[in-house]
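Following: one structure in structure tokens, then a few remarks.
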Amino acid sequence: MKIGNAPCSWGVFYPTGNAVTVQDYLAAVSRAGYRVTELGPLGFLGEDPAWIAGALQAHGLELAGSAHVHTLADPTSGSALTAALHRQGRLLQALGAHDLILMDESEFYPEAAQGVVDEARWQVAMAMIRAAEDQMRSYGIRLHVHPHVGTCIEREAQIDRMLAETGVSLCFDTGHHAFWDQDVLAYMDRVWDRIGFVHLKNVNPQVRARVLAGELGVNASFNHGVMAPLSDGAVDIAAVMQLLVARGYDGYCIVEQDPSEEAGVTPETLARRNLDALLLMLGG
């Protein structure tokens, strides 16, 4: 398997207006010991494949693919998704990458009804996913849907239904799955044949308990450090890695450490600690 990191670990969620520059990110993720990165939000690294390829090569980085966030349940946004995915497809194809992760936009939902959709909007989301898969296939790119907290695809019953109603691969995120106190290892085992990409995160059980008790909202929990370093949280990441090795998983494992106002250390330090922890788990 190939272990990498992503710009979101440095707080990069949008193409512009970030606290870290493209060159600073590439240098930092390389210094932290990673040799694989995701592209980040469309436009963060620009859209010139020759420049991106040169920059990645200069820092000794391989491109794992890209992640794209979209309001899947919004029936007015289909043309915007189509246009964005054409840009993603052309860019990834030119760079020789073969994976795109699609996830629902949690900011679309009101705080009091995060992830709540009626049947009509669920069908809109499924239609968008199926269309996106067809579109990416035309570029030779695999589409992986990423269940995400605060969206209409986050709990096991929703993930099961999405897998039943589409043919897409799953980008399985250990932290997002465990956010609602769901059994990561059992679910990975159950849907193993549909997992095509892995995001590694962990969950702070104390912060999660406040969310489950209704004391803390989903969005606010991120600033309180709900996503913990890999070795510190509720998920047995060592057991996850053992499962991946035992099953012969040879795809990408992307470490993500959502920045927290309470972290007290730099994203680069967290990234290095997470990699060190994984290497220790793998006996390296």
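No value in this document is a laboratory result; all are computed from the given coordinates. The shown structure was predicted, so the numbers you read here are calculated from the model rather than taken from an experiment. Note that we place each Cβ from the backbone using ideal geometry, even for glycine, and neighbour counts take in every protein chain shown.
All alpha carbon pair distances within the range 95-217 were sorted into 10 Å bins beginning at 0; the resulting P(r) in whole percents reads 12, 43, 34, 10, 1.
Taking the Cβ-Cβ separation of Thr269 and Ala131 as r and a Förster radius of 35 Å, what is the calculated FRET efficiency to the nearest 0.05? After rounding to 0.05, the efficiency reads 0.25. Need one number: the % of Cα-Cα pairs in the chain sitting beyond the 25 Å mark. It works out to 44 percent of all Cα pairs. Considering only the Cα atoms of the range 1-146, their convex hull presents on average a projected area of 9.3 nm².
Taking 0.890 mPa s as the viscosity and 25 °C as the temperature, the Stokes-Einstein diffusion coefficient of the range 172-284 based on its alpha-carbon Kirkwood radius rounds to 169 µm²/s.
Please work out the C-alpha center-to-center distance from the range 12-61 to the range 111-168 and express it in whole Å. The distance from the Cα centre of the range 12-61 to that of the range 111-168 comes to 27 Å.
GNM on the chain, alpha-carbon springs under 10 angstrom: the most fluctuating residue among Ala127, Ala113, Ala178 is Ala113.
Counted as membrane-span-like here are DSSP H helices of the chain whose alpha-carbon atoms extend 18 Å or more along the helix's own axis and whose Kyte-Doolittle mean is 0.5 or above; there are none. Amide H contacts of Val255: Gly4, Asn5, Leu200, each under 5 Å away and 5 or more positions distant or on a separate chain (H built 1.01 Å from N in the peptide plane; Pro and chain starts excluded).
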